[in-house]
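The values are calculated or read from the model by the stated rules, or taken from the named source; none is laboratory data. All figures in this text were calculated on a predicted structure; none of them were measured in a lab. FYI the Cβ positions are ideal-geometry reconstructions off the backbone, even for glycines, and counts take in every protein chain you see. Please note that ligands, DNA and RNA were not included when accessible areas were found on the heavy atoms of the full protein model with its side chains. Shrake-Rupley method; radii C 1.70, N 1.55, O 1.52, S 1.80 Å.
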Amino acid sequence: NNLVYTFHFYEPIHYTHQYASWIDMGEGGVYPDPRRIESFDGEWYTALFNSPKIVDDESWHWYEGVMHTVEDEKIKVLRPTVVGASGIGRVYYDSLVLTEYDESGILTDTIFFMRAEESEAPYFWSSDGSGTGGTVAESGREYFFIENVAQDGNLSSDSWRRVARQGYSYRLDGKMRREAASTEGVAQIRLDFETGEGPVLTRGKDALEHSIGKYFAWGERTNTPLYCGEFGLMNHCFDNRGGLDWVRDVVDIFKSSNIHFTYHTWNEDNFGIYDDYGSLPDTTRANDALIDLFTRLLGGETSVLPDGDGKHGYTLHIRDGEIGFSQDMMGKPLQVYDMRGRLLYSFPAPAGGRLSLGDFGENGIPNLSPGVYFLRVDDGAALRFYMP
């Protein structure tokens, strides 16, 4: 009954940790971003297998993809993918571009543009475990590559996914070249599609609430106090990338859920409110905008329980499984709160100056499931007790 469960929150990781050198993280975009998918419990559905295939020579060529109109309601998500298959040698890929067109065929937006230098590490897959894929440096640039795949292989990333809109059309273009001229193997820049029953949540507050809600739901179910021991952002996120909006939304969700929290971190080069690790904080190197935000968001916040008016000095004590209170409290409302500060029940203090834990569920006193609770009389001091 003296435990508080803690968790850390850095979602979406490719946004909060963008350009983090220790995990090889690339550019992570902005917040919010209604195009970028952060939560979707789906699966691969189909793909444009008729996308143009690589030619035989070893020069760079631009490949214009197949235009496809989304008319299948099962299609929820678009996933740009590069393919290498059927005994392919090494192939390079660059400058992937996904464009969207409305029902009239008018270009609405370039919803995806990706080079290897700007991408988080993509995921390589092959049907038989053969081959490799990823990013590689060549001639001062980085490129995506796949090589030596015997059967079927591809390269993609969850961060590349985009929302599919019914009735709209999409085309994925890009550049490819072989390392050496050959007629062996197949390579494509291909648009894949995913399906699923759950909601498609893009980068924004709804996706954050969905992620934090998993912790909150567990705390609700077990009547367990929760504490977020770390949440924060790389300093890059505050360079016109929406870092303040992310912090504001996360704090708002924590406060509305009565989850206590600590921002990571006070004084450090990567995440710090002050970025001069190894010395005392230097106010000339402070994230002033973040300090101002926390001042506005947290000013005056003190207790998990509602404030009383301070006019009464009622006190409670507990001994040998009984809660004791003075005679002047008879008939006053006893208030039971959970560990999140929510009022569960209110009932008159029983006669005799004693309330046994065994009385809960008896004589009109509400039943309590096992857990930790606060008991208070009117606006007096609160007593914490454990219901076994």
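Helix content alone sets the calculated 222 nm mean residue ellipticity of the chain: runs of n ≥ 4 DSSP H residues at -39500 (n - 2.57) each, divided across all residues, give -3500 deg cm²/dmol.
Assuming R0 = 22 Å, can you tell me the calculated FRET efficiency for the pair Lys214 and Tyr123, based on Cβ-Cβ distance, to the nearest 0.05? E(calc), rounded to 0.05, equals 0.45. Length gained on full extension, Ser356 to Phe113, computed as 0.36 nm times the residue gap minus the Cα-Cα distance: 80.8 nm.
Approximating the spin labels as points 7 Å out from Cα along Cα→Cβ, the Asn50-to-Thr69 distance works out to 1.4 nm. Peptide packing: for 196-203, 55-62, the average count of neighbouring Cβ atoms within 10 Å per residue gives the ranking 196-203, 55-62, highest mean first.
Inter-label distance, Phe347 to Asn148: 7.3 nm, where each label sits 7 Å from its Cα along the C-beta direction.
Please state the shape class of segment 18-130: rounded when a/c is under 1.5, otherwise prolate if a/b exceeds b/c and oblate if not, all from the C-alpha gyration tensor. Numbers along the way, then the final one.
Values: a/c = 1.42, a/b = 1.07, b/c = 1.33.
Rounded, since a/c falls under 1.5.
Taking the chain as a Gaussian network of alpha-carbon nodes connected by springs under 10 Å, the highest mean-square fluctuation of the residues Asp94, Asp192, Asp24 belongs to Asp24.
Based on C-alpha pairs under 8 angstrom that are at least 6 apart in sequence, segment 123-270 has a relative contact order of 15 percent. Projecting label points 7 angstrom from Cα along Cα→Cβ for Asp282 and Val186 puts them 5.9 nm apart. Shape call for segment 140-211 from the C-alpha gyration tensor, a ≥ b ≥ c root eigenvalues: rounded (a/c under 1.5), prolate (a/b greater than b/c) or oblate? Here segment 140-211 falls in the prolate category. Below 18 Å, Cα to Cα, which lysines can Lys332 reach? Residues fewer than 8 away in the same chain don't count. Filter leaves Lys311.
In a reduced charge model with +1 at each Lys and Arg Cβ and -1 at each Asp and Glu Cβ, segment 171-235 shows a dipole moment near 220 debye about its Cα centre. Only the Cβ atoms of Lys and Arg (+1) and of Asp and Glu (-1) were treated as charged; on that basis the dipole of the chain about its Cα centre amounts to roughly 1000 debye. Solvent-accessible area of the chain (1.4 angstrom probe, protein heavy atoms only): carbon and sulfur portion equals 48 percent.
Within segment 183-310, the percentage of alpha carbon pairs spaced more than 22 angstrom apart rounds to 53%.
The separation of segment 153-181 from segment 193-220, counted between C-alpha centres, amounts to 25 Å. Determine which residues of segment 63-82 fall in the zone a paramagnetic label at Asp173 would reach in this model, i.e. backbone nitrogen under 13 Å from the point 7 Å along Cα→Cβ. Counting backbone N atoms under 13 Å from the label point, the list is 63-67.
For segment 1-45, what is the charge dipole size about the Cα centre, in debye to the nearest 20, if Lys and Arg each add +1 at the Cβ and Asp and Glu each add -1 at the Cβ?
Details: 2 positive and 7 negative charges, 28 e Å.
Here segment 1-45 has a charge dipole of around 140 debye.
Applying D = kT/(6 pi eta Rh) to the chain, where Rh is the Kirkwood radius over alpha-carbon pairs, T corresponds to 25 °C and eta to 0.890 mPa s, the Stokes-Einstein value obtained is 97 µm²/s. Derived from the Cα gyration tensor, the three semi-axes of the equivalent ellipsoid of segment 73-130 are 27, 16, 11 Å, largest first.
Evaluate segment 61-220: find the radius of gyration of its Cα atoms, find its Kirkwood radius, and give the ratio Rg to Rh. Intermediate values should be presented prior to the final figure.
On the way: Rg = 17.7 Å, Rh = 17.2 Å.
Taking Rh as the inverse mean 1/r over Cα pairs, Rg/Rh reads 1.03.
Using the empirical formula 2.2 N^0.38 Å as the baseline, the Cα radius of gyration of segment 1-82 reaches a ratio of 1.68.
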